[in-house]
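Asker: Structure below; questions to follow.
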Amino acid sequence: MEKTLSLIKPDATSKQVMGKIIARFEQEGLSVVAMKMLRLSKERAAEFYAIHSHLPFFGELVSFMSSGPIIALVLQGADGVKRNREIMGATDPKKAEEGSLRKLYGTNVGENAVHGSDSLENAKKEIAFFFDLSEIYA
Ligand code: CMP
């Protein structure tokens with residue numbers, strides 16, 4: 001069993017597909033063990049994505065991620081980090097696998113509906129960024 005962090009991004013919350021995305025995680029055998037809706041400040045978005053701060057799209061990414069509400073979720077399941085990434089699909093919705101969340105609900109490479117931790121080590125850090133231990137029901 002692994003825990004991983006998922007974010008439902010502002011494009012997906014504004015398209016009103018958050019329920020569909022959460023239902024999909026559950027259908028695929030990932031359990032939601034923590035969840036909150038919030039809006040990131042520019043500063044907090046920049047902190048979350050600090051690893052990308054040298055990239056040309058960083059400013060755009062921070063503006064977008066602070067542009068509206070997001071849902072932060074902790075998902076738990078067998079091989080959870082990898083499973084979540086398979087369900088999300090490739091970063092660019094145009095290149096994402098048919099039926100993946102980014103193919104179904106993403107807008108473009110920058111506004112791609114969902115984020116998911118890319119390793120178990122990063123999952124631990126990203127979960128701690130959004131949640132206290134007492135908010136995780138597992
Ligand atoms: P995410 O999985 O949240 O991690 C970093 C994000 O940067 C990524 O999803 C995309 O939303 C964004 N991103 C990656 N490549 C580009 C790009 N070429 N232009 C704009 N945004 C990008």
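Asker: Please give the length that would be gained between Q27 and S53 if that part of the chain were fully extended, namely 0.36 nm times their separation in residues minus their C-alpha to C-alpha distance (nm, one decimal).
Answerer: Difference between extended and current length: 5.9 nm.
Asker: Can you tell me the accessible area per residue over the chain, all protein chains present, probe 1.4 angstrom, in square angstrom?
Answerer: 52
Asker: Using Cα pairs closer than 8 Å and at least 6 residues apart in sequence, work out the relative contact order for the chain, in percent.
Answerer: 38
Asker: Would you mind calculating the gained length between Q16 and L133 on full extension (0.36 nm times residue separation, minus the Cα-Cα distance), in nm to one decimal?
Answerer: Taking Q16 through L133 to full extension adds about 39.2 nm, to one decimal.
Asker: Right, next: Leaving ligands, DNA and RNA out of it, report the carbon-plus-sulfur percent of the accessible area of the chain at a 1.4 Å probe.
Answerer: Accessible surface attributable to carbon and sulfur in the chain totals 53 percent.
Asker: If the viscosity is 1.567 mPa s and the temperature 4 °C, what translational diffusion coefficient in µm²/s does Stokes-Einstein give for the stretch 29-138 when Rh comes from Kirkwood over Cα pairs?
Answerer: Roughly 88 µm²/s, to the nearest whole number.
The values are calculated or read from the model by the stated rules, or taken from the named source; none is laboratory data. Treat the numbers as computed from the prediction; the structure is a model and nothing was measured. Quick note on the areas: whole protein, heavy atoms, side chains included, nothing else; ligands and nucleic acids left out. Shrake-Rupley method; radii C 1.70, N 1.55, O 1.52, S 1.80 Å.
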